[in-house]
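Peer 1: Encoded as structure tokens, here's the structure I'll be asking about.
The values are calculated or read from the model by the stated rules, or taken from the named source; none is laboratory data. Computed from a prediction, not measured in an experiment: that's the story for all the values here. Here the Cβ positions follow ideal geometry from the backbone for every residue, glycine too, while neighbour counts run over all protein chains shown. Side chains included, ligands, DNA and RNA excluded: accessible areas come from the protein's heavy atoms. Shrake-Rupley method; radii C 1.70, N 1.55, O 1.52, S 1.80 Å.
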Amino acid sequence: MLIDWFTVAAQGLNFLVLVWLLKRYLYKPVLAAIDAREKRIALAIAEAESQKKIAGQERQALEAKQAALDGQGADLLKQATAAAAAERARLLADARSEADSLRQKQMVVLREDQARLGGDIAHRAQQEVLAIARKVLDALAGASLEERVAAVFLKNLRGLDAPAKDKLLAAFGGVSDALVRSAFDLPEAQRALIKHAVDEEFSLSSTLSFEISSEMLCGLELVVGGQTLSWSIADYMDGLEQRIAAIPAMTS
């Protein structure tokens with residue numbers, strides 16, 4: 001078999017030309033395209049990594065903000081709870097204070113009502129006792145109440161114990177004028193009896209002035225030099241008034 005070297009050489013040359021053409025017009029553009037694609041892929045990967053890093057940072061920032069908000073929310077809740085408890089305590093204290101104040105006012109009003117009621121009852125009782133005493137004295141002794149009051153006063157004057165008598169005597173030692181107060185106008189006979197008893201008991205010649213006083217409840221009072229000697233039905237009525245005043249307190 002004969003080899004046609006011309007044909008072999010031509011085919012070899014054709015192959016070399018084909019390789020050169022492929023390398024020049026096909027292989028280089030393909031490599032360039034592949035290289036450009038790889039670069040684009042690398043750039044996209046780098047950009048994705050950058051975005052991932054940024055997203056991670058933003059996530060951490062959001063988590064930190066959320067934690068801060070949670071902490072602030074807990075603090076605000078604690079503050080609100082404490083404020084609500086303080087306000088509740090204040091309202092309760094105000095309510096207790098108002099209740100105590102109202103109760104004290106009610107007690108004051110109650111005491112005033114009791115005192116007023118006791119005073120009214122005592123005054124009415126005194127008036128009734130005096131009216132009954134007048135009627136009894138008129139019926140039994142034929143004497144007026146004023147005469148009996150003067151008689152009791154003179155009896156007490158003559159029955160003074162030594163210390164009381166010494167005090168009045170010392171008072172008369174500085175002055176000779178004395179005042180006699182009564183709840184009624186004394187007749188001249190009673191005035192003379194009182195002056196005579198004073199002069200006799202204290203061995204002096206006194207000058208007595210007589211005065212009507214609404215504060216004297218059916219009684220007489222001798223005043224000299226700051227010392228007094230008195231007798232009044234009010235002395236007996238004081239105990240009655242106290243017992244009457246105590247009645248509402250015991251029944252309330």
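Peer 1: Given a 1.4 angstrom probe, I'd like the percentage of the accessible area of the range 39-98 that is carbon and sulfur, rounded to a whole number.
Peer 2: 61 percent
Peer 1: Continuing with this model, one more query. What's the FRET efficiency of residue 212 with residue 117 using the Cβ-Cβ distance as r and R₀ = 30 Å, to the nearest 0.05?
Peer 2: For R0 = 30 Å, the calculated efficiency reads 0.55.
Peer 1: Would you grab the residues whose amide H sits under 5 Å from the one on residue 213? Only those 5+ places off in sequence or on another chain, please, with H modelled 1.01 Å from N.
Peer 2: 182, 183, 184
Peer 1: Next question, about the same structure. Using the basic label-point model (7 angstrom from Cα toward the beta carbon), what is the residue 43 to residue 192 distance in nanometres?
Peer 2: 15.1 nm
Peer 1: Also, I was wondering about something else. Using a Förster distance of 41 angstrom, determine the FRET efficiency expected from the C-beta separation of residue 107 and residue 87, and round it to 0.05.
Peer 2: Taking R0 as 41 Å, the efficiency between residue 107 and residue 87 is 0.85.
Peer 1: Suppose the chain between residue 59 and residue 177 were pulled fully straight at 0.36 nm per residue; how much longer would it get relative to their current alpha carbon spacing?
Peer 2: In short, 31.3 nm is gained.
Peer 1: At 1.4 Å probe radius, can you tell me the per residue accessible area of the range 151-207 in Å²?
Peer 2: 55 Å²
Peer 1: Moving to a separate point now. Using alpha-carbon positions, what is the distance between the centroids of the range 179-229 and the range 1-24, in Å?
Peer 2: 176 Å
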